[in-house]
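Take a look at the structure set out below.
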Amino acid sequence: MRLTNLFAATAAFGALSMLAAPPALAQAAAQTPASVDVQNIFNTLLFLVGGFLVMWMAAGFTMLEAGLVRSKNVSMQCVKNIGLYSVAGIMYWLIGYNLMYSGVDGGFIGTPVPASFPDPGAATADPEANYAAASDWFFQMVFVATAASIVSGTLAERIKLWPFLIFTAVLTGIFYPITGAWQWGGGWLSEMGFSDFAGSTLVHSVGGWAALTGAIVLGARKGKYGPGGEVHVMPGSSIPLATLGTFILWLGWFGFNGGSQLAMGTVSDAADVARIFVNTNLAAAAGVVATIALTQIIYKKVDVTMALNGALAGLVSITAEPLAPSVPAALFIGAIGGTIVVFTVPLLDKLKIDDVVGAIPVHLLAGIWGTFIVPLTNNDASYVTQIVGIVAIGIFTLVASAVVWGILKAAMGIRVGDEEEALGLDKVEIGVEAYPEFGTGSQRI
Amino acid sequence: MRLTNLFAATAAFGALSMLAAPPALAQAAAQTPASVDVQNIFNTLLFLVGGFLVMWMAAGFTMLEAGLVRSKNVSMQCVKNIGLYSVAGIMYWLIGYNLMYSGVDGGFIGTPVPASFPDPGAATADPEANYAAASDWFFQMVFVATAASIVSGTLAERIKLWPFLIFTAVLTGIFYPITGAWQWGGGWLSEMGFSDFAGSTLVHSVGGWAALTGAIVLGARKGKYGPGGEVHVMPGSSIPLATLGTFILWLGWFGFNGGSQLAMGTVSDAADVARIFVNTNLAAAAGVVATIALTQIIYKKVDVTMALNGALAGLVSITAEPLAPSVPAALFIGAIGGTIVVFTVPLLDKLKIDDVVGAIPVHLLAGIWGTFIVPLTNNDASYVTQIVGIVAIGIFTLVASAVVWGILKAAMGIRVGDEEEALGLDKVEIGVEAYPEFGTGSQRI
Amino acid sequence: MRLTNLFAATAAFGALSMLAAPPALAQAAAQTPASVDVQNIFNTLLFLVGGFLVMWMAAGFTMLEAGLVRSKNVSMQCVKNIGLYSVAGIMYWLIGYNLMYSGVDGGFIGTPVPASFPDPGAATADPEANYAAASDWFFQMVFVATAASIVSGTLAERIKLWPFLIFTAVLTGIFYPITGAWQWGGGWLSEMGFSDFAGSTLVHSVGGWAALTGAIVLGARKGKYGPGGEVHVMPGSSIPLATLGTFILWLGWFGFNGGSQLAMGTVSDAADVARIFVNTNLAAAAGVVATIALTQIIYKKVDVTMALNGALAGLVSITAEPLAPSVPAALFIGAIGGTIVVFTVPLLDKLKIDDVVGAIPVHLLAGIWGTFIVPLTNNDASYVTQIVGIVAIGIFTLVASAVVWGILKAAMGIRVGDEEEALGLDKVEIGVEAYPEFGTGSQRI
């Protein structure tokens, strides 16, 4: 309640009355609803279009990370990303999907068997689940790949390829599906009333917790933190590629959030998807404006990587509830997301947690924020339940990830040697330099 | 009439008879039209898919501009583009959309209040406007961002960030919506019979006029024009990124022009969208072929930046009327667009108007050409009315932009100092270099 | 039969029973099928969305090739790709489309007249071909551009621009449409029962054969093969751009294969499109995993370009039959595709066939594999007929391409001079360097 008032005050720049969503249009009752078959096709289409947009986010993460690491580690980042997307798909088919969705029934896990789909030419119009089974699998699979992508950025420039891919397999085949089962699979959290529309917590925070755990177990890059606590900036190799990655992610997010409506076979569902597009877009815009303004004020210069992460934090923030907010509320939620990035990136450095691309502020912290704030605009959610969900999923992912990172560290080592780190992972593990012809500039570290 | 004959002669390379569109297929009268609800969903879907494609053009402009500026100004160009897209969205929500569309009624402006959308879960099937309100807003918003993107490229490498963003706010919140109201909002120009299907004038020329005014007020980059009138080429930093940007824009243009059909809930509307795809694609192809051939003939080498701008000029040219032309007419319109680029890029240099990326030829001049030539293929348009529209919108945007640029220049300065320009905007205003590790090549200027 | 057993054995890692596709869901017989009009709109929409995704593959090839050639030839590669896409579109309109589809009737060619489309506003619901004519043209056109793109990569770094564009015109206007007519146009191969769902042979192998012929006629790059048979690696200039290109192609492939269902107006068709998405995605994933694992084992390092080509080979392999395979079969087909790349890239070097980007293994050899293996999962196909189709199309394209390459070589020369090759095509033929500011690194060749 206090928070609602605070928010209302913050938003009182002339748009106060709009916080309450506008009255619904009179429904045109005489309309003929689309037939079950037509609804099925529209729903399937939403999953396929939303799905290919989210698949495209794999390229977005790749470009973002390739742009934000130093040139000596760019090829490795490319391999990791195309590798993790591939491993995620196979693992989510092999056990993840049914572990998450099959027979959870208010409990904790489903049944870890491979996913299967109807024969070619079979009609699949089941009024209970009125879409093609394969389209749903595809849509869910690209989400799990997104969670794994988050880990990749944080741990860049010092983690070995193979332990990273093994962790990816466990995360996408087991951990993500388990916490996913709790909510989207119809498990205990969903029965409790937890609300996470498109995955601020289920996808982004899960990836963020796994990344945080990995960063702690792995340690910072050599030279990142000086003995006196000073932080050495290690500038990324290509700002335009990082910017491209951000735009790709922004585009993909229309599929991420819009597709999470899960249906567009009715006028009302289609209108909701449209509304989600608007809120998603404007939350990101507010994240950008907040970071541009704040970095100008604080640092007297606009920090381009903050602006990019501001867009992403706005997107993560609105993901838990992209439908219910009015536009001013969406702007508020996104702007706070961007603000979180500006203030927590330096904080992580103080804690000597080396997050190469800023994924922990963007995905974990903005994800917590977005999940927590759902009850501000969605009356079916409660702050207590939101906190329960955030904490439960956080603890599970933290502990489970720590165990796996620990095992990998003990069993095969997860970090390259110091000399190899200095040389760059591309020369050591990949053997193909990313930019063999471009001179070593003065800032090469 | 004379022009029609000229065109017919030009096109008489064996395809003359195809200029008249082919006879319509016999209509299958027994078909059942889609229900109002299904039409609504299709229309909403067209806006959403078209909209995300046009949103993606923001990335295209970013890449095009990042590739065509020198490396010392690339980070700035990235910030400007993600910033302008964000500002455009917020301003167009805050006042632009209703200023453009609400209650114009044959007049000059609408009502500048924030846009609002139906509640979640509300059906929005209004037979008068059979689509989701939020999907229309989204589609229109990405258009206004496109107009602002055009300005960004022309003024690159010397304009300060903040005056640019302030101008963007005014352009997208006020100027673009006003001239938009005249036509698409149902204002005086539309009542007069002006025809601009997807915005050769309303979007591209508006952006182009604002860019031209800015370029004049701002002045050329230091060293661009020598004392004896010689032009110094300042080559862009990355041709592949510029090429990527062009392909992104080309892809986005299917949404831009195809979505401007505004409906695909009937067989006829869907077929028109398909026809628009074909004409849009082939006009761009003709622009490419024209510029490749002409630069080979004139300069004995094929100029890659001309080829890219040729594609874009072909796209801008067909945007005023992508539906009515037969394929040969679309090829002709696009080829002339490309030809305009080849001949006017040097002309601007003679006038010492420094347009970094060639946006004025591509968006302003090809936009004028495309708008003017509509009556060749669309019998509902007249050359006189087209000229009235081109001139009225041109004068308004020129004068209004000049006033704002002048105020910004007087109030806060719009241009960085000479030393800062030499150092590059990335170091001075952004603090993050785009490519910190890549050596300074011999051609660095 | 033997092969089926072999495959079953290979796949017997626990998923054997899934090779037989799961039993079809009980069909909900009470559903109302979508009306003819609604089906028409869905079908048209599939062509348009699938088409713009495949159009986007033109950008993917451009980025892949721009990343895999040396920086001195990048601008040329950009011109070639935007040029070939443009030429392909115009030629396929001018004669290709009707040569391929109009009046083939079990024979060898159709009627080479320009394509035409219904008037604006005309309904086009013909129950025989229930989609907009222009949408079909658009979808088919982007396929022919794909075939031409394949040639571009193989012949990079030494072929002149103009003979390449002339060859593209012949390939896209005449050769591709002729072999296309044999199968998709309803010609003799289709009557014989040849099966190539989305074009492993008709698109990818055709491009591959044309590329192979060109590579032989053109010869290897200077210095690629030493006098003692040693192979000199000429590393590409930008691995992140090559990776971006691969992701673009992967994304576009959902349109390529999914759209080739040619209909989504029924629940069954929509479910098939969804199934195609899943198989397409997982075949690519398997290609990646296979190449990562194999290069680690063989070379002790993971080769990033192999991983990228592994994804593409997986995609090409599943293209001949993306619908019928169960998931394990799709994984198997894709993994073998990736394996083919790992083993045939060195083989081509032994034969001194200089394929700059690896297009021959990826498109030709994986295309043959994918086409050959169709009968494993599709009972309507036979191995004998598959071989007949592969060989017939191969011989035609080889001979026809060789004739045209030979004529071009004799008439105008197809290769730049040695000195020009050393300088780079960008300086010699384009006049615009791709990266004018980036220093010449130590590995510049």
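The values are calculated or read from the model by the stated rules, or taken from the named source; none is laboratory data. Everything numeric here is computed off the predicted structure, so don't read it as measured data. Cβ sites come from the backbone with ideal geometry, for glycine too, and all protein chains shown count toward neighbours. SASA here: full protein model, heavy atoms, side chains in, ligands and nucleic acids out. Shrake-Rupley method; radii C 1.70, N 1.55, O 1.52, S 1.80 Å.
Before moving on, here are some points about what is shown:
- Crossing angle, helix B:133-154 versus chain B [Cα axis fit, 0-90 degrees, rounded to tens]: 30
- For the protein assembly as shown, the calculated P(r) over all alpha carbon pairs, in 10 Å bins from 0 to the bin holding the longest distance, is 2, 10, 19, 25, 23, 15, 5, 1, 0 percent.
- Here the Kirkwood formula, the inverse mean of 1/r across different C-alpha pairs, assigns segment C:297-381 a hydrodynamic radius of 13.1 Å.
- Total formal charge among the other residues, if their Cβ is under 9 angstrom from that of residue A:349, Lys/Arg +1 and Asp/Glu -1: +1
- Spin-label proximity, residue A:410 to segment A:191-234 - amide N less than 16 Å from point 7 Å beyond Cα toward beta carbon: A:217-218
- Springs join every pair of Cα atoms under 10 Å in this Gaussian network model of chain B, and among B:339, B:295, B:32 the largest mean-square fluctuation is at B:32.
- Measuring nothing but how far apart in sequence close Cα pairs (under 8 Å, 6+ apart) lie, relative to its length, segment B:140-285 scores a relative contact order of 24 percent.
- Inverse of mean 1/r across different Cα pairs in segment C:31-182, Kirkwood, Å: 16.7
- Volume of the convex hull of segment C:308-445 (Cα atoms only), normalised per residue: 167 Å³.
- The Cα atoms of segment C:231-291 cover 53, 21, 19 Å along the three principal axes, with the biggest extent listed first.
- When chain A is treated as a Gaussian network with alpha carbon springs shorter than 10 Å, the biggest mean-square fluctuation among A:319, A:213, A:266 belongs to A:266.
- With R₀ set to 25 Å, the beta-carbon distance separating residue B:222 from residue A:299 gives a calculated FRET efficiency near 0.40.
- Set of segment B:184-209 residues, backbone N closer than 18 Å to the point 7 Å along the Cα-Cβ line of residue B:380: B:184-202
- Per residue of peptide A:133-139, the mean number of Cβ atoms on other chains within 10 Å of the residue Cβ is 6.
- The angle between the Cα long axis of helix C:206-218 and the main principal axis of chain C comes to about 20°, on a 0 to 90 degree scale.
- For residue C:298, inter-copy separations between label points set 7 Å beyond Cα along the Cβ vector come to 5.0, 5.0 nm, shortest first.
- Inter-chain Cβ neighbour average for residues B:398-410, partner chain, 10 Å: 0
- Unit charges at the beta carbon, dipole of the protein assembly as shown: most positive-side option, A:323, A:231, B:361: A:231
- Percent accessible area from carbon and sulfur atoms, the protein assembly as shown, protein chains only, probe 1.4 Å: 65
- Residue-wise HN-Hα coupling along segment B:180-194, computed from phi with Karplus coefficients 6.51, -1.76, 1.60 (Hz; x: Gly, Pro): x, 4, 4, 10, 6, x, x, x, 4, 5, 5, 5, 6, x, 4
- With contacts taken as Cα pairs under 8 Å and at least 6 residues apart, segment A:226-308 reaches a relative contact order of 24 percent.
- If you run the Gaussian network model on chain B, springs between alpha carbon atoms under 10 Å, then out of B:249, B:46, B:94 the most flexible one is B:94.
- For segment B:66-86, accessible area lost to neighbouring protein chains reaches 30 Å² or more, against the chain alone with a 1.4 Å probe, at B:78, B:79, B:82, B:85, B:86.
- Charge context of residue A:59, other residues only, Cβ under 14 angstrom, K/R +1, D/E -1: 0
- Amide H partners (placed H, <5 Å) of residue A:415, local residues excluded: A:160
- With its label point put 7 Å out from Cα toward Cβ, residue A:32 sits 0.6, 0.6 nm from the same residue's point in the other copies, in order from shortest.
- Counting charges near residue C:371 (Lys, Arg +1; Asp, Glu -1) among other residues having Cβ under 10 Å from its Cβ returns a value of -2.
- Amide H partners (placed H, <5 Å) of residue A:438, local residues excluded: C:441
- Per-residue extension of 0.36 nm, minus the Cα-Cα distance of residue C:419 and residue C:398, leaves a gain of 4.5 nm for this segment.
- Label-point distances for residue A:391 to the equivalent site in the other copies, using a point 7 angstrom along Cα→C-beta, read 7.3, 7.3 nm when ranked shortest first.
- Members of B:300/C:350; A:301/C:72; A:300/A:350 lying beyond 32 Å, as alpha-carbon distances in this model show: B:300/C:350; A:301/C:72
- Within 10 Å of the Cβ of each residue in C:283-295, the mean number of Cβ atoms contributed by other protein chains is 4.
- 3J(HN,Hα) along segment C:359-369, derived from phi through the Karplus expression 6.51 cos²θ - 1.76 cosθ + 1.60 where θ = phi - 60°, amounts to 6, 5, x, 5, 8, 7, 6, 5, x, 4, 4 Hz, with x in place of Gly and Pro.
- Per-residue ³J(HN,Hα) for segment C:53-60, Karplus 6.51 cos²θ - 1.76 cosθ + 1.60, θ = phi - 60°, Hz, x for Gly and Pro: 5, 6, 3, 4, 4, 4, 5, x
- Computed about its Cα centre, the charge dipole of the protein assembly as shown is approximately 3340 debye, with only Lys, Arg, Asp and Glu carrying charge at their Cβ.
- B/C buried area, accessible surface, summed, 1.4 Å probe, Å²: 5900
- Sites excluded, GluC sites (Glu not before Pro) in DSSP loops with at most 15 other C-beta within 10 Å, longest stretch of chain C: C:231-445
- Taking the Cα centre of chain B as reference, the dipole from Cβ charges on Lys and Arg (+1) and Asp and Glu (-1) amounts to some 1260 debye.
- Within the protein assembly as shown, helix-based [θ] at 222 nm, where runs of 4 or more DSSP H residues each add -39,500 (n - 2.57), nearest 500: -19500 deg cm²/dmol
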